[in-house]
Amino acid sequence: MRKLLLYLVVISVGVIYTGRLSYLQLLNDNIVATDITNDSAIKMVYDYPQRGYVYDRNGVLLVANQPSYDVMVIPREVKEFDIPEFCKLLKITEEDYEKKLAKAKKRSWRIPSVFVAQMAKSEYAFLQEKMHRFKGFYIQKRSIRNYQTAVGANVLGSIGEVNNTDLKKNPYYQSGELIGKTGIEKSYENELRGVKGVQYIQKDIHNKVLGSYENGRHDTLAVNGKDIQITIDSKLQEYGEQLMINKRGGIVAIEPSSGEILALVTAPSYNPNLLVGRKRSKNYTKLHYDSINKPLYDRGLLAMYPPGSPFKTLNALVALQEEVITPQTTYTCHHGYVYGRSGRKMGCHCGSGKRNVINGVAKSCNAFFANAYRQTISKYATPREGMNVWGNHIKSFGLGDYFDNDLSTGRTGRIPTGEYYTNTYFKHNKWHVLNTISNAIGQGQVEMTPIQLAHMTATIANRGHYFTPHIIKSIDEKPINNDHFTKPKQTTITPAHFEPVIQGMHDVFSMKKGGTARFLNVPGIEICGKTGTAENFAIVEGERKQLTDHSIFVAFAPKDNPKIAIAVFVENGYYGARWAGKISSLMIEKYLNGEITLKAMEKLVLEKSLEEEYAKPLSGKPFTINE
């Protein structure tokens with residue numbers, strides 16, 4: 001019996017020890033890892049990976065890396081030294097030194113913090129041999145961006161130090177580390193950043209390094225970021241930015257058959273290399289406070305404008321779908337559209353006469369589209385119901401909402417509904433279709449961003465289906481496999497209804513039919529387009545004053561099997577064909593043919609500045625609209 005009891009005791013003790021060891025080795029790994037970070041005798045040294053490279057759609061390298069060096073500090077290890085000499089070496093003031101050290105202490109006395117970030121290689125070489133004099137400080141190598149291009153800053157974006165919000169959102173990051181702030185650097189941060197490695201170093205009570213903790217069992221290797229290929233054509237992007245020098249606005253070009261964004265231009269812009277290295281903060285501040293040019297404001301994605309006459313194409317499609325007109329329906333234009341009891345008139349410059357869908361689009365007849373819009377809304381029992389039906393058709397193009405795409409920013413635009421008018425303007429619920437008649441010509445309460453205009457045009461080019469606009473083409477040479485981007489979405493408009501509208505857009509370029517862009521033809525390319533002019537108002541010294549109209553143009557080419565759809569918006573550019581139309585034709589020829597034959601047009605656009613127009617509200621000079 002005693003023998004049996006002894007065996008039981010031995011076995012029980014063995015089981016307990018085995019269980020405890022298993023717990024410590026397997027189940028307690030996370031606790032051990034946490035304890036490591038809290039152990040003052042263990043120093044963590046991070047190994048930062050190379051950030052992924054970025055290429056354009058044709059394999060042109062746009063973004064690479066360059067070495068950078070951070071001066072790190074561990075506050076509890078800082079000993080007395082020559083502070084003025086140290087500050088001179090780092091090119092900071094003694095006041096800066098105290099502020100940076102206090103910030104590091106507030107974060108942690110024993111965990112390393114970035115003291116001076118992103119020193120260049122030349123600065124590192126000079127400083128490295130002197131660092132032994134300054135106890136508690138050391139240099140840590142990492143890589144920062146090296147932009148191989150001077151354009152596309154809004155597309156490529158930038159990286160910068162994490163802020164408190166970033167740290168709260170994601171425990172992966174430590175204070176002083178870098179994160180994508182804008183553009184694709186932000187959208188594809190997880191893919192581009194890679195995974196940092198960490199080495200745990202054990203020290204004795206005298207702060208002397210003993211070696212790797214537990215023979216490096218908890219150490220991890222860095223994993224480099226993934227290379228990505230974006231949909232942008234860098235040559236087209238560069239050309240678009242050249243055409244928009246000394247102008248304000250946006251250009252967005254999309255491949256209709258895929259939804260891939262070919263160019264995303266905002267003007268004015270800046271060189272992306274300005275936001276790299278130690279001068280990033282100073283340059284960012286300068287760009288941020290430029291309230292006149294707003295170079296950090298992506299007009300292609302964020303600026304909401306009245307779409308003007310290009311919106312007439314959608315009103316024609318909705319009217320055809322609702323069967324209130326046919327391709328043969330005509331309305332007579334008497335130099336405009338007269339409406340309401342007071343005989344208000346919506347003027348028109350089409351030349352007057354009978355108009356149908358095709359020549360209504362070609363000549364941009366306000367009277368035709370005012371009648372078609374009115375018939376659409378009036379088909380239903382109440383204006384509210386009619387507006388909801390109309391709004392649902394328009395929204396089926398993906399408008400009035402975020403695209404839910406892979407761009408780092410954007411705005412919804414506005415497609416008004418019956419509820420919008422009732423809740424915002426007519427709470428008594430007594431209103432008439434004529435209260436909203438400006439929507440017929442893309443004015444009123446309708447607002448769209450340039451990317452939405454380009455997307456609308458691509459959808460028309462596709463005869464009623466679209467792909468969500470996106471900017472990623474492949475990751476680590478693997479094409480995207482995302483249904484949201486690769487599967488087509490259908491509008492509520494029957495494909496057959498697009499044909500007369502597209503014919504009208506084609507006739508916009510017809511000299512014989514008096515199209516509004518008849519002087520903008522590109523030899524050998526069948527272009528379909530639509531000119532647009534949008535009223536422009538500003539508050540000047542407390543008064544609402546009308547400024548020079550915005551110039552708008554949308555187009556796609558070729559007419560059949562289209563390869564590019566484009567929207568151009570030039571602020572204060574007067575009428576659609578004047579500047580936006582010329583830029584559209586040049587961009588289309590550049591993309592499809594690679595060379596420009598319209599040399600005179602190109603010279604005119606490249607040399608023209610609209611700075612005088614933009615200075616009018618600020619100069620105090622009398623306002624006039626000049627041809």
Relative to the longest principal axis of the chain, what angle (0 to 90°, nearest 10) does the C-alpha long axis of helix 2-22 take?
-> 50
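Work the Kirkwood hydrodynamic radius out for the stretch 222-375: mean of 1/r over every pair of different alpha-carbon atoms, inverted, in Å.
That comes to 19.6 Å for the stretch 222-375.
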Any idea what the relative contact order of the chain is, in percent, if you count C-alpha pairs under 8 Å spaced at least 6 apart?
-> 13
Ignoring ligands, DNA and RNA, what percent of the accessible area of the chain is carbon or sulfur (1.4 Å)?
-> 51
Roughly how many Å² is the accessible area per residue of the stretch 302-412, as a whole number, for a 1.4 Å probe?
-> 41
Divide by every residue of the chain the summed helix terms, -39500 (n - 2.57) for each DSSP H run of at least 4, and state the resulting mean residue ellipticity at 222 nm, rounded to the nearest 500 deg cm²/dmol.
-> -9500 deg cm²/dmol
Could you work out, for the stretch 349-501, what percent of all Cα-Cα pairs fall into each 5 Å distance bin, beginning at 0 Å and stopping at the bin that holds the largest distance?
-> 2, 8, 14, 18, 19, 15, 11, 7, 3, 2, 1, 0
If you keep only loop residues by DSSP, which chymotrypsin sites (Phe, Trp or Tyr not before Pro) in the stretch 468-555 have at most 15 other Cβ atoms within 10 Å of their Cβ?
-> Phe519
Interchain or long-range residues, amide H under 5 Å from Leu262's placed H | Ala253, Ile254, Glu255
Checking rank on 115-126, 67-78, 577-588, with mean other Cβ inside 10 Å and highest first, the result is 577-588, 67-78, 115-126
Over the stretch 445-548, the quotient of the Cα radius of gyration and 2.2 N^0.38 Å is 1.46
May I ask for the net charge around Asp219, where only other residues with Cβ less than 13 Å from the Cβ of Asp219 are counted and Lys, Arg are +1 while Asp, Glu are -1?
-> +1
Simple SL model, points at 7 angstrom along Cα→Cβ for Ser378 and Glu419; separation in nm is 2.8
What shape does the stretch 571-612 have by the C-alpha gyration tensor, where a ≥ b ≥ c are the square roots of the eigenvalues, rounded means a/c under 1.5, and otherwise prolate means a/b greater than b/c and oblate the rest?
-> prolate
Just flag the GluC sites (Glu not before Pro) in the stretch 308-395 sitting in loop per DSSP whose Cβ has no more than 14 other Cβ atoms within 10 Å.
-> Glu323
Which values, in whole Å and largest first, are the semi-axes of the equivalent ellipsoid of the stretch 87-129 obtained as the square root of 5 times each eigenvalue of the Cα gyration tensor?
-> 21, 13, 8
Expressed as a whole-number percentage, the relative contact order of the stretch 525-627 with C-alpha contacts under 8 angstrom and at least six residues apart is 23
Once the Cα gyration tensor of the stretch 513-618 is diagonalised, semi-axes √(5λ) in Å = 29, 15, 10
Quick one: Cα centre-to-centre distance for the stretch 178-252 and the stretch 132-168, in angstrom?
-> 8
Please grab the % of Cα pairs in the stretch 101-235 that end up more than 22 Å from each other.
-> 54
Binned Cα-Cα distances of the stretch 214-265, short to long, each 5 Å bin given as a whole percent | 4, 16, 17, 13, 10, 8, 6, 5, 5, 6, 5, 3, 1
Here D for the stretch 65-169, in µm²/s, from Stokes-Einstein with a Kirkwood Rh over Cα pairs at 20 °C and 1.002 mPa s, works out to 140
Percent of all alpha-carbon pairs of the stretch 276-325 at distances over 14 Å, whole number, is 70
Overall dimensions of the stretch 358-401 by Cα: Rg and Dmax, Å = 12.2, 32
When the scattering of the chain is computed by the Debye formula from its Cα atoms alone, each counted once and equally, what is log10 I(q)/I(0) at q = 0.08, 0.09, 0.10, 0.12 Å⁻¹?
-> -0.69, -0.81, -0.93, -1.17
Filter the trypsin sites (Lys or Arg not before Pro) in the stretch 411-468 to those in DSSP coil with at most 16 other Cβ atoms within 10 Å of their Cβ, and list the result.
-> Arg411, Lys427, Lys430
q = 0.12 Å⁻¹: log10 I(q)/I(0) that the Debye formula gives for the stretch 419-496, counting C-alpha atoms only | -0.58
Scalar couplings 3J(HN,Hα) for the stretch 405-417 by Karplus 6.51 cos²θ - 1.76 cosθ + 1.60 (θ = phi - 60°), nearest whole Hz, x for Gly and Pro, are 10, 9, 8, 7, 8, x, 9, 7, x, 8, 10, x, 10
Quick one: grab Rg to one decimal and Dmax as a whole number for the stretch 165-278, Cα atoms only, in Å.
-> 21.6, 67
Across all directions of projection, what mean area in square nanometres is found for the Cα convex hull of the stretch 131-200?
-> 6.8
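Taking Rh as the Kirkwood radius, which is the inverse of the mean 1/r over Cα pairs, what is the Rg/Rh value for the stretch 332-412?
Across the stretch 332-412, the Cα-based Rg/Rh ratio is 1.11.
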For the stretch 241-299, what does the alpha-carbon gyration tensor say about shape, rounded, prolate or oblate, given a ≥ b ≥ c as the root eigenvalues, a/c under 1.5 as rounded, and a/b over b/c as prolate?
-> prolate
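The values are calculated or read from the model by the stated rules, or taken from the named source; none is laboratory data. Worth saying up front: this structure is predicted, and the values here are computed from it rather than measured. Heads up, the Cβs are rebuilt from the backbone with ideal geometry, glycines too, and the neighbour counts pull from every protein chain shown. What goes into the accessible areas is simple: the full protein's heavy atoms, side chains included, and nothing from ligands, DNA or RNA. Shrake-Rupley method; radii C 1.70, N 1.55, O 1.52, S 1.80 Å.
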